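First comes the structure, then the notes that go with it.
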There are 2 protein chains.
Amino acid sequence: MPVTGDSKVIDTILKRRSVREFTDSPVSEENVNKILNAGRWAPSGLNNQPWRFIVVRDPETIRKLSECTHYSNIVAGAPLLISVFLDTEHSYSRTKDVQAIGASIQNMLLACCELDLGAVWLGEILNQNEKVNSILKCPLKMELMAVLAIGTPVPRERTSTRKALSELVFEEKYGQKWEE
Amino acid sequence: MPVTGDSKVIDTILKRRSVREFTDSPVSEENVNKILNAGRWAPSGLNNQPWRFIVVRDPETIRKLSECTHYSNIVAGAPLLISVFLDTEHSYSRTKDVQAIGASIQNMLLACCELDLGAVWLGEILNQNEKVNSILKCPLKMELMAVLAIGTPVPRERTSTRKALSELVFEEKYGQKWEE
């Protein structure tokens with residue numbers, strides 16, 4: 001269901017869900033560019049922009065990448081993969097650069113949601129990072145950070161949960177629980 | 001200028017700028033909760049939710065924290081700080097958890113933007129992480145990840161830049177530049 005209105009950004013943040021099953025529809029070139037632009041406009045420490053992306057739509061490459069993860073079906077069923085890397089030669093603080101990569105990924109996931117595309121952030125594939133880099137002819141100075149599988153969602157109700165604010169937030173000092 | 005319409009999420013991602021000067025207006029309790037909820041609904045590997053937050057509005061605590069960074073004026077001038085921590089006792093993969101923290105921070109920054117609040121993500125303060133934890137009575141197992149300074153923006157044109165997609169993106173394999 002499309003989200004509109006004054007609080008569309010926050011509503012999209014709250015309603016976004018991981019999508020793991022896609023139809024056969026390709027993602028338009030225009031939408032791929034919109035997603036990448038969202039990723040590129042994330043903030044980063046010193047505006048360092050440590051993210052690099054490889055866009056994969058070739059079925060044979062998708063098939064090979066699907067063999068690098070326990071979640072083969074998700075990858076093999078996606079018409080579009082965006083592999084996200086940290087350019088370690090252009091990293092100035094690993095912690096801050098990895099945070100920035102997370103912000104960039106979240107921008108892309110939110111953009112997908114607004115474009116009525118579904119996406120899932122795959123991390124387990126990092127266990128096979130060298131194999132992924134090899135498939136993409138990518139030097140290891142480019143450190144695999146995530147693969148996003150993207151496509152048109154198969155309709156289905158998707159639910160998720162999060163801890164309550166009272167479990168996550170303190171007021172003024174540690175130990176003093178936040179009350180909403 | 002408020003952003004509305006079909007592409008509000010992507011427009012907000014592209015138009016968000018760091019805000020470093022705030023008016024004296026406090027941030028409403030309702031808006032603090034909206035920001036925290038946006039942070040809480042970020043994705044994380046295994047839905048691990050490694051983020052923890054300390055909300056600071058006490059002027060004396062803000063003053064003490066302002067002495068932990070070269071950007072004292074920004075911190076001292078903000079009516080609201082959200083200190084973001086990684087709960088290292090509940091971390092399962094440092095890289096993935098730090099990425100998740102970045103996603104959570106970006107959600108909060110985007111929420112601020114939609115609420116017509118300004119915010120800046122402060123990282124340099126990590127150099128004084130032990131002092132920050134001490135001020136907030138926070139054990140060191142909670143690793144400082146960032147401080148967000150938030151308030152009503154002083155009106156001003158704010159610009160920023162990013163690398164072009166052709167510098168960041170490859171098609172199908174490393175080295176094959178993306179053409180928009």
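How far apart, in nanometres, would the label points at A:Glu157 and B:Leu140 be if each is projected 7 angstrom from Cα along the Cα-to-Cβ direction?
4.9 nm
Farthest toward the dipole's positive end in the stretch A:8-168, which of A:Asn47, A:Cys112, A:Ser66, given Cβ charges of +1 (Lys, Arg) and -1 (Asp, Glu) about the Cα centre?
A:Asn47
Quick one: which bits of the stretch B:90-104 get at least 30 Å² less accessible when the partner protein chains are in, versus the chain alone, with a 1.4 Å probe?
Listed by number, the residues meeting the 30 Å² cut-off are B:Thr95, B:Lys96, B:Val98, B:Gln99, B:Ala103.
Ratio of alpha-carbon Rg to the 2.2 N^0.38 Å globular estimate for the stretch A:8-168, to two decimals, please.
Its radius of gyration relative to the 2.2 N^0.38 Å reference: 1.02.
Need one number: buried accessible surface between chains A and B, 1.4 Å probe, both sides summed, DNA, RNA and ligands left out, in Å² to 100.
About 6800 Å² of accessible surface is lost on pairing.
Skip the ligands, DNA and RNA, and give the accessible area per residue of the protein assembly as shown with a 1.4 Å probe, whole Å².
It amounts to 43 Å² per residue over the protein assembly as shown.
Output the Cα-based Rg and Dmax of the stretch B:78-180 in Å, rounding Rg to one decimal and Dmax to a whole number.
In order Rg, Dmax, the Cα atoms of the stretch B:78-180 give 17.5, 51 Å.
Place a +1 charge on the Cβ of each Lys and Arg in the protein assembly as shown and a -1 charge on the Cβ of each Asp and Glu, then give the dipole magnitude about the Cα centre in debye, rounded to the nearest 20. Intermediate values should be presented prior to the final figure.
Numbers: 44 positive and 46 negative charges, 92 e Å.
Roughly 440 debye, rounded to the nearest 20.
How large is the direction-averaged shadow of the alpha-carbon convex hull of the stretch A:128-180, in nm²? Mind showing how you got there, number by number?
On the way: hull surface 32.3 nm².
If I average the Cα hull's projected area over directions, I get 8.1 nm².
Rounded to whole Å, how close does chain A get to the rotation axis onto B by Cβ? Give me the residue too, please?
Here the value is A:Gly102, 1.
Students often check this: by mean Cβ neighbours within 10 Å, which of B:32-44, B:88-100 ranks highest, and how do the rest follow?
Those peptides, ordered most packed to least, come out B:32-44, B:88-100.
Can you tell me the mean projection area, over all orientations, of the convex hull of the protein assembly as shown's alpha carbons? Units nm², please.
Computing the convex hull of the Cα atoms and averaging its projections yields 16.4 nm².
So what is the relative contact order for chain B, in percent, with contacts set as C-alpha pairs under 8 Å and at least six apart? Walk me through the intermediate numbers first.
Numbers: 288 pairs, mean separation 53.4, N = 180.
Reported as a whole number, the value is 30 percent.
What residues in the stretch A:112-147 lose 50 Å² or more of accessible surface when the other protein chains are added to their chain alone (1.4 Å probe)?
A:Glu114, A:Trp121
Using a 1.4 Å probe over the heavy atoms of the protein chains, calculate the carbon and sulfur portion of the accessible area of the protein assembly as shown as a whole percent.
Working: 7120 of 15350 Å².
That fraction is 46 percent.
Please give the length that would be gained between A:Thr88 and A:Glu29 if that part of the chain were fully extended, namely 0.36 nm times their separation in residues minus their C-alpha to C-alpha distance (nm, one decimal).
Additional length available on full extension: 18.4 nm.
Which value, in debye to the nearest 20, gives the size of the charge dipole of the stretch B:7-106 about its Cα centre, when Lys and Arg are +1 and Asp and Glu are -1 at the Cβ?
Dipole about the Cα centre, nearest 20: 380 debye.
What's the tally of Lys pairs in chain B whose alpha-carbon atoms lie under 19 angstrom apart, where the two lysines are 8 or more places apart or on different chains?
Lysine pair count for chain B: 7.
Extending each Cα 7 Å along its Cβ direction at A:Ser72 and B:Asn48, get the distance between those two points in nm, one decimal.
It works out to 2.6 nm between the two label points.
The values are calculated or read from the model by the stated rules, or taken from the named source; none is laboratory data. What you see is a predicted model, and the numbers here were worked out from it, not measured in a lab. For neighbour counting, all protein chains shown are included, and Cβ atoms are generated from backbone atoms with ideal geometry for every residue, glycine included. Side chains included, ligands, DNA and RNA excluded: accessible areas come from the protein's heavy atoms. Shrake-Rupley method; radii C 1.70, N 1.55, O 1.52, S 1.80 Å.
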